[in-house]
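Worksheet: one structure, shown below.
The values are calculated or read from the model by the stated rules, or taken from the named source; none is laboratory data. This one's a predicted model, so the numbers in the text were calculated from it and none came from an experiment. All Cβ positions, glycine included, derive from the backbone under ideal geometry; neighbour counts span all protein chains shown. Ligands, DNA and RNA are excluded from the accessible area calculation, which covers all protein heavy atoms including side chains. Shrake-Rupley method; radii C 1.70, N 1.55, O 1.52, S 1.80 Å.
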Amino acid sequence: MSIFFPDNEKRKNRLLELSADTQNFIAVSKQDYEQFKNLNAVINQKIAQLYANAGLTPPGITQLDILKAAGAAQAVNTADTAVEISTIFLDVAGMAATTLYLAPGVTSFLVGSGILEAETAATVLGTIFGTEIAVGTLAGGLIGGLIAGVVIIGIGLAIDAIEGAILRDKLREGLHQLGQIRANAKLHLDKAAKLVASLDSVNRTLDALLSSHIPLTDQVIRNLLTKDVVPAIEAAKAITLSNVIIELNALDLNRKSWTAEDIA
């Protein structure tokens, strides 16, 4: 490496650090999406049973295509990205919009299932995050690897073979892109987590209702099942990118990260 650019190693290490953070956020997002999908399948069955027990007609179920709704369904079959959700929840204001924050997890899930190529997934994530992630660029290659669950050990032979000012510029560009991507990945993760946790509460409420013998009406059931969802949606709305950036800055400060060239 050129002795005239001694900070290149710091830039490279920072890029790896941002990559590791983003990989963790995307991995947890994938788990949240899987939990969300599984919970909805269980909840739909329990709702149908609860309404049958009460002698009521069960509410409908809607196929919600998360990636399509997020405007990022390139080269993805609709059937691969659809989740069956009871209209009880989709009737709640803000519910459909909040589910869109599961899109990074959906993307990672599709790559892990062999449905979506990692490079294409990087482009999809760029659409979700509102940040262009071109295939073939430094950030594009790293994000493709992260979505595929590949542990980023090094920047790659192509980068290692570059020296001096060219390497400096490539690393700087990667830092700026990954800084934005990391923040957006955390924002989506935090918002989606509120929704998934609320459905877990709904599932427990359904268990309690199914084991009880109290008379139920359609409105009573809807009120009981959405009592945890409504505040969760409001809590998700309250999470802003500024909040997330403050949290990430604290993380960097605590671990003494090199942030001299991060975007302010």
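Surface listing: 168, 255, 182 arranged by accessible area from highest to lowest gives 255, 168, 182, probe 1.4 Å. Just checking the listed ones, 101, 33, 51: in the Gaussian network model of the chain with Cα springs under 10 Å, the one fluctuating most is 51.
Phi angles of the range 106-112 translate, via the Karplus equation with coefficients 6.51, -1.76, 1.60 and θ = phi - 60°, into HN-Hα couplings of 4, 4, 5, 4, 5, 5, x Hz per residue; Gly and Pro are given as x.
Which one of 110, 197, 187 has its Cα pushed farthest toward the positive end of the charge dipole of the chain, where Lys and Arg give +1 and Asp and Glu give -1 at the Cβ? Positive-most Cα among the choices belongs to 197. Residues whose amide H comes within less than 5 Å of that of residue 262, counting only those at least five positions distant or on another chain, are absent (H built at 1.01 Å from N in the peptide plane). Each Lys and Arg contributes +1 and each Asp and Glu -1, all at the Cβ; summed about the Cα centre of the chain, the dipole is approximately 360 debye. Scalar couplings 3J(HN,Hα) for the range 37-53, obtained by applying the Karplus form with A = 6.51, B = -1.76, C = 1.60 to θ = phi - 60°, are 5, 5, 4, 4, 4, 5, 4, 4, 5, 5, 5, 4, 5, 4, 5, 5, 4 Hz; x denotes Gly and Pro.
Hey, what number do you get for the chain at 222 nm if only DSSP H runs of n ≥ 4 count, each worth -39500 (n - 2.57), divided across all residues, to the nearest 500? Provide the component values of the computation, followed by the final result.
Working: 13 runs with 179 residues, N = 264.
Mean residue ellipticity at 222 nm (helix-derived): -22000 deg cm²/dmol.
All C-alpha pair distances within the range 49-147, sorted into 10 Å bins from zero, spread as 16, 40, 24, 13, 6, 2 percent across the bins.
Looking at 61, 240, 146, which one has the Cα that reaches farthest to the positive end of the dipole of the chain (charges on Cβ: Lys, Arg +1; Asp, Glu -1)? Comparing the listed Cα positions along the dipole, 240 ranks first.
Fully extending the segment from residue 31 to residue 227 would add 68.1 nm, taking 0.36 nm per residue of separation and subtracting the current Cα-Cα distance. With the Kirkwood sum run over all distinct C-alpha pairs, the range 178-264 has a hydrodynamic radius of 15.7 Å.
Remark: the chain carries 47 Å² of accessible area per residue (probe radius 1.4 Å; ligands, DNA and RNA excluded).
So what's the chain giving for Rg/Rh, alpha carbon basis, Kirkwood Rh from the mean inverse pair distance?
Numbers: Rg = 21.6 Å, Rh = 20.0 Å.
Rounded to two decimals, Rg/Rh equals 1.08.
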